[in-house]
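The block underneath contains the structure these notes are about, expressed in structure tokens.
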Amino acid sequence: MSTSVPAPAYTYPEFRALLGQLAAEHRTTGPDQTPGLIRYTEQNQAHLDRGYALPLLPALEEHLRQLPRPELWLLLGEAWCGDTAHTLPVLAHLAARSEGRVSLHVLLRSDHPAVMAAYQTNGKNSIPKLIRRDAETGAGLGTWGPRPAVAQALSQQLHGDPLLHTNQIVKAMNAWYADDAGQSVQQELLAALA
């Protein structure tokens, strides 16, 4: 099994720089360059900044530092995806605090359709999707995503309301992530690692 990172891939700082460049150029990742997706890309810069500063769970940090073997984390996402913008910085901060036990790379869903097809959620290309692998052997260690269970239920409820506009759904999801402060993704990850 391959332990290499599929190209192209981005470290968190590289992804953050890419998003900033795209926002400055009024573009986004992927083939769809719609005004809405471009606007979300611009807004996601603030979510990335805020997310990296959220408090980390000490128990999860300690667990990551004590991993028996180093892990490679691949996160499928896109610059326009709000769920990616709220989740990725928390994962990046955890990886940075793991004392070298976790290496994180971002794969754009649009650049890696075969990887995305292998890790669909309920038959859909839902992102973000975290793929955990043994860094030495490449063996699969599990997946997480596309969002915490509570946020997934809220998203389904909001998308099921025909009276809500996409912008209203995005605002409601952003408010949920702000209130949650990265705790749900960390609790779910801690449970998955235990």
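Can you check what the net charge comes to around Pro146, using other residues whose Cβ is under 11 Å from the Cβ of Pro146 (Lys, Arg +1; Asp, Glu -1)? Once positives and negatives cancel, what remains is +3. Figure legend: label point modelled 7 angstrom from the Cα of Gln187 along Cα→Cβ; residues of region 154-169 with amide N under 15 Å from it are 154.
For the chain, the fraction of C-alpha pairs more than 22 angstrom apart is 45%. What value does region 18-113 have for Rg/Rh, both radii from Cα atoms and Rh as Kirkwood defines it? Checking Rg against Rh, the ratio lands at 1.04. The residue among Gly142, Pro35, Pro162 whose Cα reaches farthest toward the positive pole of the charge dipole of region 12-193, with charges on the beta-carbon of Lys, Arg, Asp and Glu, is Gly142.
In terms of Cα atoms, the Rg and Dmax of region 10-70 work out to 15.7, 46 Å.
Note on region 60-144: Rg/Rh from Cα positions, Kirkwood definition for Rh, rounded to two decimals, is 0.97. Determine the distance separating the Cα centre of region 1-53 from the Cα centre of region 113-140; give it in Å without decimals. If you average the Cα positions of each part, the centres end up 19 Å apart.
Remark: region 183-194, residue by residue, has Karplus-estimated 3J(HN,Hα) of 6, 5, 4, 5, 5, 5, 5, 4, 5, 5, 7, 5 Hz, where x stands for each Gly or Pro and the curve is 6.51 cos²θ - 1.76 cosθ + 1.60 at θ = phi - 60°. Helix 12-24 versus the longest principal axis of the chain: what is the Cα-based angle in degrees, 0 to 90, to the nearest 10? Result, in degrees: 20. Placing a label point 7 Å from the Cα of Ala172 along the Cα-to-Cβ line, the residues of region 125-157 whose backbone N sits under 18 Å from it are 147-157. The angle between the Cα long axis of helix 82-96 and the main principal axis of the chain comes to about 20°, on a 0 to 90 degree scale.
Counting only DSSP beta bridges with both residues in the chain, the antiparallel share comes to about 65 percent.
For region 80-121, the Kirkwood estimate of hydrodynamic radius, built from reciprocal distances between every pair of different alpha carbons, is 11.8 Å.
Read-outs throughout are calculated quantities, based only on the coordinates presented, and are distinct from any laboratory measurement. Fair warning: this is a prediction, and the values are worked out from it, not measured in the lab. All Cβ positions, glycine included, derive from the backbone under ideal geometry; neighbour counts span all protein chains shown.
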